[in-house]
Amino acid sequence: MGSDPLRSLTPFILSTMKVITSADSLKPFRGCAFVPTMGALHDGHLSLIREAKNADKTVVVSIFVNPEQFAPEEDLDKYPRNLEQDCAFAESVGADVVFAPSVETMYPTGSNESLSNLHIPWAATKPLLEDACRPTHFLGVCVAVARLFDLVQPSITVFGLKDYQQYLVIKQLIEQEGKRWSDLQIIGAGIIRDDGGLAMSSRNVYLTTDQRSQALGLHKAIRCSTEKAMLETLDVYGLDVEYAVIRDSETLLAPIEGKPTRALVAARLGHIRLIDNAPVNMGVQL
Ligand code: AMP
């Protein structure tokens, strides 16, 4: 039987993306466009990689499930992991490098020391949203992201607006660290949803069919123009609300007349925690 010409090309095509685990191997990619993730890649992550590709630079995607940002009762052990599939997905949208460090590479001198050295931005403590629900979370995120920026030395980084408060925290971290990452620019990429409107998330794999239908309540809630209507909507869908608020888009504090606002929600379905957000304009979701 004659061989399939496409099949014989596959190893060649696959070999164009590099998978690296050591910090030293990152040196040739300084100045890249960088997409940090915790893996279990879905279309939301892939949209970030596509956005990074627009910058016309080498695209580096990191895959690291960061223990520092999980509280002891959270799902660190159960968090979905599949490096092989993630690499195939990343390559399918044109990533040039996947950086998959070990915990030892990320935190060689011990995490306690790295935790104590970082000045946490105010967006990580003042809004009392994610920061109130997950008090140690942003400290862990900042430590990991700062370490990744130190190692990768990117010129552009892409974060999803799905984690809106996290996006603001990292934006401020970059601003306050000044030249540490030589004029690093951050891009906020829009939220990718499935057909029903549910924001894509690595944790959606935990949802049963019934829970998926209930989870659509988050999308409905962020399209409301008052907090009261948001709460009522979440109640109709049987969601256990952590917060449902409309805040100033820039500060995540109380809205100011005439300034852009954002609806943000966090709710639980059993042990699964979901978040979502959307801009609000005169009561109409953009
Ligand atoms: P994670 O792997 O959950 O840490 O997410 C890595 C990056 O992907 C973060 O910047 C997230 O905000 C972003 N992200 C996750 N889900 C989505 C989504 N549905 N749409 C756009 N970006 C997303």
Expressed as an acute angle from 0 to 90° and rounded to the nearest 10, what is the orientation of the C-alpha long axis of helix 43-53 relative to the principal long axis of the chain?
60 degrees
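If you roll a 1.4 Å probe over the stretch 202-280 with all protein chains in place, what percent of the accessible area is carbon or sulfur? Provide the component values of the computation, followed by the final result.
Working: 2030 of 3820 Å².
Carbon and sulfur atoms account for 53 percent of the accessible area of the stretch 202-280.
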Roughly how tilted is helix 137-152, in degrees to the nearest 10 and between 0 and 90, from the longest Cα axis of the chain?
30 degrees
Rounded to the nearest whole Å², what accessible area per residue is found for the chain with the 1.4 Å probe?
50 Å²
Spelling out what I want: for every residue of the stretch 270-275, take phi, set θ = phi - 60°, compute 6.51 cos²θ - 1.76 cosθ + 1.60 (Karplus), and round to whole Hz; glycine and proline get x.
x, 8, 8, 10, 10, 10
Roughly speaking, what % of Cα-Cα pairs in the stretch 11-189 are separated by over 26 Å, rounded to a whole number?
25 percent
Roll a 1.4 Å probe over the protein heavy atoms and report the accessible area of Lys126 in Å², nearest 10.
120 Å²
Once the Cα atoms of helix 5-14 and of the chain are each reduced to a long axis, what angle between those two axes, in degrees from 0 to 90 to the nearest 10, is obtained?
70 degrees
Quick check: from the Cα gyration tensor, does the stretch 202-280 come out rounded (a/c under 1.5), prolate or oblate?
prolate
Only four residue types carry charge here, +1 at the Cβ of Lys and Arg and -1 at the Cβ of Asp and Glu. Report the dipole size of the chain about the Cα centre in Debye, rounded to the nearest 20.
460 debye
For the chain, with +1 on Lys and Arg beta carbons and -1 on Asp and Glu, the positive-most of Thr233, Val98, Ile120 along the dipole:
Val98
Within-10-Å neighbourhood charge of Ala146 [Cβ basis; K, R +1; D, E -1]:
0
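Tally Lys and Arg at +1 and Asp and Glu at -1 over the other residues with C-beta under 14 Å from the C-beta of Glu51: what net charge comes out?
+2
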Exactly which GluC sites (Glu not before Pro) in the stretch 34-113 are in a DSSP loop and have at most 16 other Cβ atoms within 10 Å?
Glu73, Glu74
Two-site FRET efficiency, Asn117 against Lys78, from Cβ-Cβ distance with R₀ of 25 Å, rounded to 0.05:
0.25
In nm, to one decimal, how far is the modelled label at Leu253 from the one at Glu227, with both set 7 Å along Cα→Cβ?
1.5 nm
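Roughly how big is the stretch 107-245's charge dipole about its Cα centre, with Cβ charges of +1 (Lys, Arg) and -1 (Asp, Glu), in debye to the nearest 20? Could you put the intermediate results ahead of the total?
Working: 13 positive and 16 negative charges, 44 e Å.
Dipole magnitude for the stretch 107-245 comes out near 220 debye.
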Among Thr261, Leu274, Ala132, pick out the residue whose Cα is farthest towards the positive end of the charge dipole of the chain, where Lys and Arg carry +1 and Asp and Glu carry -1 on C-beta, about the Cα centre.
Thr261
Under a 10 Å cutoff between Cα atoms, tell me which one of Asn66, Asn82, Asn204 has the largest fluctuation in the Gaussian network model of the chain.
Asn82
How long is the gain from Thr105 to Glu177 if the chain were fully straight, where each residue apart is worth 0.36 nm and the alpha carbon distance is subtracted?
23.7 nm
Contour minus Cα-Cα distance for Leu216 and Cys133 (0.36 nm per residue):
27.7 nm
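The values are calculated or read from the model by the stated rules, or taken from the named source; none is laboratory data. Please read these numbers as outputs of a predicted model, since none were measured by experiment. Methodologically, a virtual Cβ is constructed for each residue, glycine included, from the backbone with ideal geometry; neighbour enumeration extends over all protein chains shown. When the accessible area is computed, the model is the full protein with side chains, heavy atoms only, and any ligands, DNA or RNA have been set aside. Shrake-Rupley method; radii C 1.70, N 1.55, O 1.52, S 1.80 Å.
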